[in-house]
1. Residue 69 fails exactly one of the following numbered conditions: (1) over 19 Å from residue 205 (Cα atoms); (2) loosely packed, with under 13 Cβ neighbours inside 10 Å; (3) under 20 Å from the mean Cα position of the chain (by Cα). What is the number of that condition?
2. When the stretch 198-218 is examined, which residues are found to be in contact (Cβ under 8 Å) with a residue 24 or more places away in the chain, assigned to a loop (DSSP other than H, G, I, E, B) and surrounded by fewer than 20 Cβ atoms within 10 Å (Cβ to Cβ)?
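Bear in mind that the values in this text are calculations on the coordinates, not laboratory data. The structure displayed is predicted, hence computed values, not measured ones. Here Cβ is always computed from backbone atoms with ideal geometry, including for glycine, and neighbour counts include all displayed protein chains.
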């Protein structure tokens, strides 16, 4: 059994894999709960990607795991990394494109991760990661509207239909932010599709559900793409 940990800013996502199959998925909001879980877990391989907690410390909690990997710029990857500054590349972004490569190994893939920021990452048909773009995320835009004005309220993203024409200040903000992000994603996808024939567009991240039914483009929603990518990196290194 392999275990992959994606430690973000607010929680840790944990995936248990049998080979390449995701068998179980858990989310830990407290470090103490994750520590207790790892101290009682037995497995063969562990990989950790972290943007908040010290990955070495998290690794030390896994007493009963034989081999451990920490995702960093020096860890070998199952793809070719053409990023000009790999030391600045977010570990979640590189895990995402590795996940895309494992799902569509012979196709160009655009990974759109809708989280705190919206990231666009392109992998060409040869398995080379070329880069992409970083844009403010959904909640960041709502907060910006409130923070940088004197009277506009802080609005939470709406789960239901968002009318194009708002008839109140709150609904106008929702319309501007949500439809603005949709138009942005659709426009960027169209540009990538013109450049990369047979492009596979993969949507992931915590806010993906707000957009998967609103986008014009044909997309594949893969909620646990980062965990699958981490497992792909783990397998690549375990075989080395």
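1. (2)
2. Result: 198, 206, 207, 214, 215, 216, 217.
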